[in-house]
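A.B. asks: Have a look at this one.
The values are calculated or read from the model by the stated rules, or taken from the named source; none is laboratory data. Predicted, not measured: the structure shown is a model, and the values here were computed from it. Neighbour counts run over all protein chains shown; Cβ positions are idealised from the backbone, glycine included. What goes into the accessible areas is simple: the full protein's heavy atoms, side chains included, and nothing from ligands, DNA or RNA. Shrake-Rupley method; radii C 1.70, N 1.55, O 1.52, S 1.80 Å.
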Amino acid sequence: MSVAPRAGSGKVTVPDIVARKSHSFAGTVETKPKITCLTAYDYPTAHLLDEAGVDILLVGDSLAMVVLGYESTLPVTVDEILHHVRAVRRGTRRALLVADMPYGSFHISADESIRNAVRLVKEGGAEAVKVEGGERRLELIAKLVEAEIPVMGHIGLTPQSVHAFGGFHVQGKTAEAARQVERDARAVEAAGAFAVVLESMPRELAAGITEKLRIPTIGIGAGPDCDGQVLVFHDFAGLTLEHMPKFARKYANWALELSRATGEFCDDVRAGRFPSDAESYHSPAELREQLLARQRS
Ligand code: KIV
């Protein structure tokens, strides 16, 4: 599948996302359509979400928790992310495809970080990568951008920092913590990121950052004033079996529907209602006669 953007093809590109930033001049706000982003981890889901018009598909390292069943995002590897990026690539035509850089893939050396990001683009077909962290990632983001890899930043509650934070807690709730989140936002922008995810922070802080930055902000648990919103697919589709954070709206209840369908399938099989004759293959008439005759004799 060709993913090279062609003018007028409707393909969402990095410059399209940057152009969706709403700017305010002298008290008036020039509003743009908000950016929509969902996570995706496989071909059929990517295909459906892409056709339904979502702007960005993110192969998030949330893969570790919602698909692979780990308790945090830390264990997932570059190879595992790559496997899913390839599947999502095959299902995506229009949306911008962003791949998360997992924990450990950009913490050892600049060379190794760039090599890993290049793999996500070259072997996976990602059009951009997402990197967690603010000020500390300034140099790395600049190096990736220099290597022609567009970068989406991610600040606030960065799940890869779960141990440093002591859990998945809302960030920026004190004056000093809020200033740090603002510094992180500015650093990510200064380093050349084309957009930044703001996760789990007071809406007032996210609104202030959104107003100050030139790049779009994409919120998750950061209130309605960001330039766009992202949800984890399993929360959105009602497939999350554990506790859902308060910001995650369930747009469908697939868990309920799958559980109902599974019960119905088991009942039908056990009662001999599935498969029906119409759902079965049949021998040609001549052979059927022979088989019936053999059964009778
Ligand atoms: O991994 C992920 O799904 C994410 C989103 C929550 C933004 O980083």
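A.B. asks: How many residues does the range 89-109 hold that are touching a Phe, Trp or Tyr at 6+ places or on another chain (Cβ under 7 Å) and either within 14 Å of the ligand (Cβ to nearest atom) or among the small types (Gly, Ala, Ser) (or both)?
C.D. replies: Counting residues in the range 89-109 that are touching a Phe, Trp or Tyr at 6+ places or on another chain (Cβ under 7 Å) and either within 14 Å of the ligand (Cβ to nearest atom) or among the small types (Gly, Ala, Ser) (or both) gives 1.
A.B. asks: With respect to Gly219, determine if the residue is within 16 Å of the ligand (Cβ to nearest atom), under 24 Å from His23 (Cβ atoms), within 17 Å of the chain's Cα centre (by Cα) and modelled with pLDDT of 95 or more. Don't jump to the end; show me each part of the working.
C.D. replies: Details: within 16 Å of the ligand (Cβ to nearest atom): yes; under 24 Å from His23 (Cβ atoms): yes; within 17 Å of the chain's Cα centre (by Cα): yes; modelled with pLDDT of 95 or more: yes.
Here the answer is yes, as Gly219 does meet what is asked.
A.B. asks: Out of curiosity, is Arg90 open to solvent by 20 Å² or more (accessible area, probe 1.4 Å) and in a helix (DSSP H, G or I)? Give the derivation first.
C.D. replies: Numbers: open to solvent by 20 Å² or more (accessible area, probe 1.4 Å): yes; in a helix (DSSP H, G or I): yes.
Yes.
A.B. asks: Within the range 135-153, count every residue that is within 16 Å of the ligand (Cβ to nearest atom) and open to solvent by less than 10 Å² (accessible area, probe 1.4 Å).
C.D. replies: Residues in the range 135-153 being within 16 Å of the ligand (Cβ to nearest atom) and open to solvent by less than 10 Å² (accessible area, probe 1.4 Å): 4 in total.
A.B. asks: Okay, next question. When you scan the range 1-72 for strands (runs of 3 or more DSSP E) that lie fully inside it, which ones turn up with 3 or more residues that are open to solvent by 20 Å² or more (accessible area, probe 1.4 Å)? If you could, list the steps in order and put the result at the bottom.
C.D. replies: Numbers: elements: 23-25, 28-30, 35-39, 56-59.
Ranges flagged: 23-25, 28-30.
A.B. asks: If we keep just the residues of the range 239-272 that are under 30 Å from Lys21 (Cα atoms) and in contact (Cβ under 8 Å) with a residue 12 or more places away in the chain, which is farthest from the ligand (Cβ to nearest atom)?
C.D. replies: Looking only at the range 239-272, we keep the residues that are under 30 Å from Lys21 (Cα atoms), and these are 244-252.
Those still in the list that are in contact (Cβ under 8 Å) with a residue 12 or more places away in the chain too: 245-252.
Working: Pro245: 10, Lys246: 14, Phe247: 10, Ala248: 10, Arg249: 14, Lys250: 16, Tyr251: 16, Ala252: 18 Å.
This residue is Ala252.
A.B. asks: May I ask you to list the residues in the range 182-196 that are crowded, with 24+ Cβ neighbours inside 10 Å and either hydroxyl-bearing (Ser, Thr, Tyr) or assigned to a helix (DSSP H, G or I) (or both)?
C.D. replies: Asp184, Ala185, Val188
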